[in-house]
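Worksheet: the structure to be examined is printed underneath.
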């Protein structure tokens with residue numbers, strides 16, 4: 001008899017957790033379709049954009065009655081927290097009723113809203129709860145007691161990096177025997193298509209080498225630091241320009257910084273683009289300037305597209321992916337001149353191929369196939 005897995009991950013933005021959830025669900029539906037029925041809970045319409053792709057790949061969608069996702073504020077710390085409170089309140093009874101009625105064998109929770117954890121504390125379920133933790137939990141006395149109580153009722157806990165696993169084991173809140181390292185399913189070969197070289201002349205860029213940054217324009221991505229360090233680098237190596245892809249609430253602040261530094265002809269904010277892989281394959285180096293990341297999904301995509309990588313040493317995953325500098329260059333997060341020195345070191349390297357090849361080889365760990373094998377072992381205690 002087939003077992004049932006539910007997924008719960010109501011994300012407000014197109015963050016790495018969306019890719020992780022989607023690819024994880026598809027991996028089980030694809031490779032274990034004879035053993036598992038996979039269903040993803042669409043709490044407020046947040047998964048509508050991905051419905052067709054999920055259904056095509058064997059994942060059923062469970063829609064809650066009210067679609068209010070488009071009305072929720074999605075940017076800014078307090079606004080997003082307000083949105084998650086709304087999701088918590090409006091999903092409380094629909095989720096409770098669903099779990100009691102359907103009695104799925106497992107539910108995999110990506111820690112976006114804590115609603116399922118509160119339900120787990122308040123009620124008894126036959127369902128086994130599996131929690132994915134992507135970052136070090138903030139702890140005070142109240143939170144510590146909450147985590148201690150909820151972890152005793154959780155079936156399993158997974159985290160996407162070995163560094164985070166070590167941190168969780170050290171704080172001794174989550175039982176070590178329940179906590180597992182599980183690499184995300186990042187690499188999607190379906191996204192590959194015939195390479196079309198970007199003609200940067202269309203953007204007013206002529207005869208320049210390209211430094212590429214990709215991500216939401218938010219505080220976390222730390223693009224202001226990248227721009228400041230690049231402005232110093234430009235005085236040493238004037239053959240480079242900086243291209244940043246993405247949208248976000250920091251856009252106006254970054255535009256002001258670019259004007260202040262007189263970088264209008266050297267830094268280009270191009271917004272969201274459909275062909276990110278083409279930009280990667282047409283650039284010379286990729287820079288991840290984040291203050292923190294789960295793994296940094298974009299770093300794996302850059303490696304897959306044969307792009308040399310420079311990354312901050314932020315927690316939790318980028319330096320692990322780059323094998324602590326063997327597969328790229330790592331600099332000290334937010335330290336003045338640290339990224340400048342990394343850029344200079346890159347520009348002076350005569351041979352980038354070895355690091356590029358090593359980084360690309362590392363991508364094989366993050367496929368749907370490898371993810372599903374590891375997840376099934378965790379679920380079935382193999």
Test: residue in region 259-266 that is under 27 Å from residue 327 (Cα atoms) and either surrounded by fewer than 17 Cβ atoms within 10 Å (Cβ to Cβ) or assigned by TED's automatic domain parsing to the domain that holds residue 163 (or both): no
Candidate set: region 10-44, residues that are under 17 Å from the mean Cα position of the chain (by Cα) and farther than 21 Å from residue 369 by Cβ; chosen: the one surrounded by the fewest Cβ atoms within 10 Å (Cβ to Cβ): 13
Failed item in (1) assigned by TED's automatic domain parsing to the domain that holds residue 234; (2) surrounded by fewer than 19 Cβ atoms within 10 Å (Cβ to Cβ); (3) farther than 24 Å from residue 195 by Cβ; (4) over 18 Å from the mean Cα position of the chain (by Cα), with residue 373 passing the rest: (1)
Residues satisfying the stated conditions in region 239-264, i.e. part of a helix (DSSP H, G or I) and either closer than 13 Å to residue 339 by Cβ or touching a strand residue (DSSP E or B) at 6+ places or on another chain (Cβ under 8 Å) (or both): 251, 254, 255, 258
Residues located in region 53-90, provided they are assigned to a helix (DSSP H, G or I), surrounded by 15 or more Cβ atoms within 10 Å (Cβ to Cβ) and in contact with a helix residue (DSSP H, G or I) (Cβ under 8 Å, 6 or more places away or on another chain): 54, 69, 87, 88
Residue in region 312-325 that is surrounded by fewer than 23 Cβ atoms within 10 Å (Cβ to Cβ), more than 29 Å from residue 238 (Cβ to Cβ) and over 16 Å from the mean Cα position of the chain (by Cα) present: yes
Some residue of region 165-179 being out of contact with any strand residue (DSSP E or B) (no Cβ under 9 Å at 6 or more places or on another chain), closer than 30 Å to residue 278 by Cβ and modelled with pLDDT under 90: no
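A quick yes/no check of all residues on (1) more than 17 Å from residue 72 (Cα to Cα); (2) touching a helix residue (DSSP H, G or I) at 6+ places or on another chain (Cβ under 6 Å):
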residue: 11; (1), (2): no, yes
residue: 17; (1), (2): yes, no
residue: 44; (1), (2): no, yes
residue: 47; (1), (2): no, no
Region 100-147, subset touching a strand residue (DSSP E or B) at 6+ places or on another chain (Cβ under 6 Å) and within 16 Å of residue 20 (Cα to Cα), residue modelled with the lowest pLDDT: 110
Conditions (1) in contact with a helix residue (DSSP H, G or I) (Cβ under 9 Å, 6 or more places away or on another chain); (2) under 12 Å from residue 217 (Cβ atoms): number failed by residue 251: (1)
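The values are calculated or read from the model by the stated rules, or taken from the named source; none is laboratory data. Computed from a predicted structure; not experimentally measured. With ideal geometry, Cβ positions are generated from the backbone for all residues, glycine too; neighbour counts draw on all protein chains shown.
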